[in-house]
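Below is one structure, written out as structure tokens; comments come after it.
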């Protein structure tokens, strides 16, 4: 059963197709959902994700690499690589 809180102050509207993309791991889908909650045009540093997540840095890096490969994100810090 899903219970929704109608009084929640913070909401993100996410196209469910993003979360159903079978090319992505569950971890990458979670990172994508987190990123979609940020304001349009907001720059998010990988370091922020590392600190905000209970996962290991290498797991977040892997999720970001998946999202980059599929084309959901562009990473400025990896552009020179």
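Coordinate-derived values only; no laboratory data. Here the structure is a predicted model, which is why all the values come from computation and not from measurement. In this analysis, Cβ positions are derived from the backbone assuming ideal geometry, glycine residues included, and neighbour counts consider all displayed protein chains.
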Checklist entry - For 60, 13, 73, what's the fewest-to-most ordering of other Cβ within 10 Å of each Cβ? => result 13, 73, 60
Next on the checklist: Limiting things to C-alpha atoms, what are the Rg and the maximum Cα-Cα separation (Dmax) for the range 28-78, in angstroms?
Outcome noted: 10.1, 27
